[in-house]
Amino acid sequence: MKQKFSVTGMTCAACSAHVENSVKKLNGVQSVAVSLLTNSMTVQYDEQLLSAQQIIQAVQSGDWFYGSSTTDSQQPKVNNQPSGVTLSRLISSLALCLVLMYVSMGHMIGLPLPGFLSGVQNAVSFALIQLLLCLPVWYINRSYYIVGFKRLFKGSPNMDSLIAVGSSAGAIYAVIIIFVMSNALGLGDIATVQKYHHQLYFESSAMILALVDLGKYFEGKSKQKTGNALAKLKNLAPKKALLLQDGIEVEVDSSTIVVGNVVVVKAGMVFPADGVVTSGSCFADESAISGESMAVEKLTDSKVIGGTLCVGGYVQVTVTTVGEDSVLSKIITLVEEASGSKAPIQRLADKISSVFVPIVLSISLVTLIIWLIVSRSWFLSLDFAISVLVISCPCALGLATPVALMVATGKGAEHGILIKNGEVLEHLAQLQCVVLDKTGTLTEGKPQVKDFYSTMDSNTFFAIIGGIEQQSEHPLGNAVVAHAQQMGISLVKPTDFKTIAGQGVVATVDGKSYAIGNKQLMQQQGVDNSAYQKLLDQYLQKAYTSLLVSCNGAFVGIVGVGDQVKQTSKQAIECLDKLNIKTVLLTGDNQGAAQSVCNEVGITECISEVLPHQKQQHIATLKQSYYTAMVGDGINDAPALATADIGFSVASGSDIAIDSASVVLVKNDIRDVATAVELSKKTVKNIKQNLFWAFFYNALGIPIAAGVLYNTPLNLQLSPMLAALAMSMSSLFVVTNALRLRFFKPSHAQNKHCNQGCTLPTNPTQITTQEKNTMTYQLSITGMMCPHCTGRVQKTLEQIPGVTQVEVSLEKGTATVQCANVEQSTLVNAVTEQGYPVTEIVAL
């Protein structure tokens, strides 16, 4: 079982490592992932051996300060739980410290002080006023001391321990100096008073806390931005819904909706749950879920996704899934798990973080002892020891990887790419080979009429064969019917319809006997093969499945049916080529059809006529030479997806196969394979930059803070205040660097023209050329991808002399033109010259 827990009390990477180790020790725990960013923990465990309550107890027993609960229960009450650094806390600390700095160091730049604080004779008053100014700063930031010392005494020190020890050491030293000066004044020992008058540590003790607060405040604000994509997803679901009860619309809380309810969604409203349209039509903006900017038309029986926006229309929707089973909930869960997971590159940082603080405490103690021996000065020795403690806080080290992972997984979700975990995100950068399924991946997966020839008028031809095939349930017949309906052709109802298994169908229309099927059926009907053989061979070369048509034993036409290659497929292959990734087509289709698709999209290697169970074997073979990914539909290709190093599940809408692969492509756009690789490469680069900075910062900062450059020509000394500022800035730098990933854009989305890289058909079908004086024509156009494309087509047609009205439909891929004395070829050529091939033109 996998369960998510909330964890309170964690302040740094050492804390998260401590919690993780406490839970890992439990018998039955299979995996643990603790996220410092989200204050959460995901545990996979055996329910037979372990319970959720035992896991919670392990967290709390690991340290009295930690609290834990399951995410569906109330947060536990924990004593002295530290809150984040609020703006009021930050301002209060800084304001008091500025006054303290004026008092303690103002004299260095000639700033005046009241008489009762000036001079050696007022040295104790001068020290006491600083102590009084420190007290509220120490109280405001007391959580550092409470947590830090408790963790130190339990033998598991963390970042707060370093701050607490450093600040307390300075404070204790300064208080001792007050007593030393007070005693010296009583004895008249002015020399001792002068020696320690300006060697107090109050300003450093307080300023360390204020500067750490400053860094933590900005760090917290920056970290909030890392979860923007996740926050947007969580805010998508509406709080209210219109429930249809006995024909009456009733506003209810959306959380009360159950499967089977019928809800009403109007323009401007958000779909409250996943469902199916049972009445009406609308356009849905699904960009927040899929990243697809174009609104999608929803008709009767169309599936809708909860959380998406109805931008126009009115529909009644029957709810099919709610709660945790909904698409939105699954996506949120997936993104949360990915954000909280760990990449392999983080393991080194985790190992170092777990022992880092004790090592730093040891270095600080050694520094103190060595400088006491060398300088015989408590003031100088303490200065170096405290600087080591403060500059070494492992915040930057702990944030280097998880912040980048959270931003990257959120950014992937924005683009419709759901990445299961940090390990997958890191490994995507290593891809060397991508294997693609054909049907439904590179192609639309729906048979379409690609070409035809007829000795009859085309409208009459499709009216007859469409009417006959309407009686059939064969996919090829459905393609013919769909083509006829798209052209607006009224179908003729046949009589004496009969299916001949393995050959086709025969029927009677207007007393004539028509046959539609394969070559065997034509032979049975006595049709001379010389009338169609040449066309049949041509269609075979194009990998079309042919439907031969005869009337009373004479050949009258042929229809070529094929699977339409997605317009984005060629660009997807080009993007992968630019990334030096080998592409392979792996399909069960015949060699001709497979090779045709390869030629069209640019794939160089083709493996065809493969049975489903054999795909797994081919993937295993490729893995021996390449780090391999498989892209499939997540159902038939499940074994191959599981075998590949990384499996991409191509899905769409409510059919997202969350459990079928390592990466889910919500938009059903294989260009996102390249996008995922690009995002991975940038993320890994970002993490390496962060880790380099964190390691380099500590490697450089600790020796300088320890005073290795003090007795050198540089005479360089890092005061505790500067060390605190440097520590805070290092964490802020790491978080800010990771936030640069928010500006990631896939290379294919950076083209200025929307039709660049689109795959356009090169074999337009037969076009009739009848001209009439006043006519309405409908052009079937490919290549239009967005309103910019339709606008270009419309403007082009409107500029033709004689054209009076133009209506362009992006959804149908058509343009309806009313014109007078305009030849069809003029319309076709004008549109084609703009880069949008016309596949057919018919008179309405």
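Pull up all non-local amide H partners of residue 443: gap of 5 or more, or a different chain, and H-to-H distance under 5 Å with H placed in the peptide plane.
566
To the nearest 0.05, what FRET efficiency results for residue 198 and residue 3 with a Förster distance of 56 Å applied to their C-beta separation?
Plugging the Cβ-Cβ distance into 1/(1 + (r/R0)^6) gives 0.45.
Figure the gain on full extension for residue 826 and residue 324 (residue separation times 0.36 nm, minus the Cα-Cα span) and round it to one decimal in nm.
Separation in residues times 0.36 nm, less the Cα-Cα distance, equals 175.1 nm.
Quick check: pseudo-label points 7 Å beyond the Cα along Cα→Cβ at residue 281 and residue 844, how many nm apart are they?
1.3 nm
Top to bottom by accessible area (1.4 Å), largest first, where do 589, 528 land?
Final ranking, largest accessible area leading: 528, 589.
Principal axis extents for segment 432-556, Cα atoms only, whole Å, descending order, please.
For segment 432-556, the Cα spread along each principal axis is 62, 32, 28 Å.
How far is the Cα center of segment 363-381 from the Cα center of segment 539-593, in Å?
Taking the Cα centre of each part, segment 363-381 and segment 539-593 sit 79 Å apart.
Taking amide H positions as placed 1.01 Å from N in the peptide plane, with prolines and chain starts having none, which residues 5 or more places from residue 451, or on another chain, fall under 5 Å of its amide H?
560
Note down the accessible area of residue 216, probe 1.4 Å, to the nearest 10 Å².
50 Å²
Set the Förster distance to 25 Å, then compute FRET efficiency between residue 262 and residue 239 from the Cβ-Cβ distance, nearest 0.05.
The value I calculate is 0.85.
Of 566, 582, 150, which has the most accessible area with a 1.4 Å probe, and how do the rest follow in descending order?
If we order 566, 582, 150 from most to least accessible, we get 150, 582, 566.
Assuming a ≥ b ≥ c are the square roots of the Cα gyration tensor eigenvalues, decide whether segment 107-200 counts as rounded (a/c under 1.5), prolate (otherwise, with a/b larger than b/c) or oblate.
The shape class here is prolate.
What FRET efficiency, computed as 1/(1 + (r/R0)^6) with R0 = 41 Å and r the Cβ-Cβ distance, is obtained for residue 717 and residue 742, rounded to the nearest 0.05?
0.60
Indicate the gyration tensor shape class of segment 246-287 (rounded, prolate or oblate), computed on the Cα atoms with a ≥ b ≥ c the square roots of the eigenvalues: a/c under 1.5 is rounded; otherwise a/b larger than b/c is prolate and the rest oblate.
Taking the square roots of the gyration eigenvalues as a ≥ b ≥ c, segment 246-287 is prolate.
Leaving out ligands, DNA and RNA, and with a 1.4 Å probe, what % of the accessible surface on segment 474-547 is carbon or sulfur?
That share works out to 48 percent.
Please compare each pair in 450/582; 420/582; 240/266; 566/667 to a cut-off of 18 Å on the Cα-Cα distance and tell me which ones are over it.
Over 18 Å apart, Cα to Cα: 450/582; 420/582.
How far apart, in nm, are the 7 Å Cα→Cβ label points at residue 490 and residue 116?
Label-label distance for residue 490 and residue 116, simple model: 10.7 nm.
Apply the Karplus curve 6.51 cos²θ - 1.76 cosθ + 1.60, θ = phi - 60°, to the phi angles in segment 541-555 and return the couplings in whole Hz, x for Gly and Pro.
Here the 3J(HN,Hα) series is 5, 7, 6, 8, 8, 9, 10, 8, 10, 10, 10, 6, x, 10, 5 Hz.
What relative contact order, as a whole-number percentage, does segment 531-596 give when Cα pairs under 8 Å and 6 or more residues apart are counted?
Dividing the mean separation by the residue count of segment 531-596 yields 30 percent.
Take segment 357-452, drop everything but the C-alpha atoms, weight them equally and run the Debye formula without solvent; then report log10 I(q)/I(0) at 0.10, 0.19, 0.20 Å⁻¹ to two decimals.
Computed log10 I(q)/I(0) values: -0.59, -0.96, -1.00.
Quick one: ranking 102, 145, 201 by accessible area, 1.4 Å probe, largest first, what do you get?
From most exposed to least exposed: 102, 145, 201.
Round to the nearest 10 and report in Å² the accessible area of residue 510, as given by a 1.4 Å probe over the protein chains' heavy atoms.
140 Å²
Given the Cα-Cα distance of residue 685 and residue 474 and 0.36 nm per residue of separation, how much length would full extension add, in nm?
70.8 nm
I'd like the Karplus ³J(HN,Hα) series for segment 365-379: coefficients 6.51, -1.76, 1.60, θ = phi - 60°, whole numbers in Hz, and an x wherever there's a Gly or Pro.
5, 4, 4, 4, 5, 4, 6, 5, 5, 6, 9, 6, 10, 5, 4
With the cut-off at 1.5 for a/c, could you classify segment 568-617 from its C-alpha gyration tensor as rounded, prolate or oblate?
oblate
Got a sec? Which residues in segment 421-446 would a label at residue 591 touch, if it sits 7 Å along Cα→Cβ and we count backbone N under 19 Å?
Counting only backbone N, you get 438.
Please enumerate, by chain and number, the lysines with C-alpha under 19 Å from the C-alpha of residue 578, excluding those fewer than 8 residues away in the same chain.
570, 681, 682, 685, 745, 752
Keeping all protein chains in the complex and leaving out DNA, RNA and ligands, what accessible area do you get for residue 315 with a 1.4 Å probe, in Å² to the nearest 10?
Here the accessible area works out near 0 Å².
Expected output is a single nm value to one decimal: the length gained when fully extending between residue 98 and residue 518, i.e. 0.36 nm times separation in residues minus the C-alpha distance. What is it?
Going from the current span to full extension adds 142.1 nm.
Can you work out the PRE-style zone for residue 534? Point 7 Å along Cα to Cβ, and I want the residues of segment 550-588 with backbone N under 16 Å.
Correct set: 555-558.
The values are calculated or read from the model by the stated rules, or taken from the named source; none is laboratory data. Fair warning: this is a prediction, and the values are worked out from it, not measured in the lab. Please note: Cβ atoms are built from the backbone with ideal geometry, for glycine as well, and neighbour counts cover all protein chains shown. In case anyone asks, the SASA skips ligands and DNA or RNA and just uses the protein heavy atoms, side chains included. Shrake-Rupley method; radii C 1.70, N 1.55, O 1.52, S 1.80 Å.
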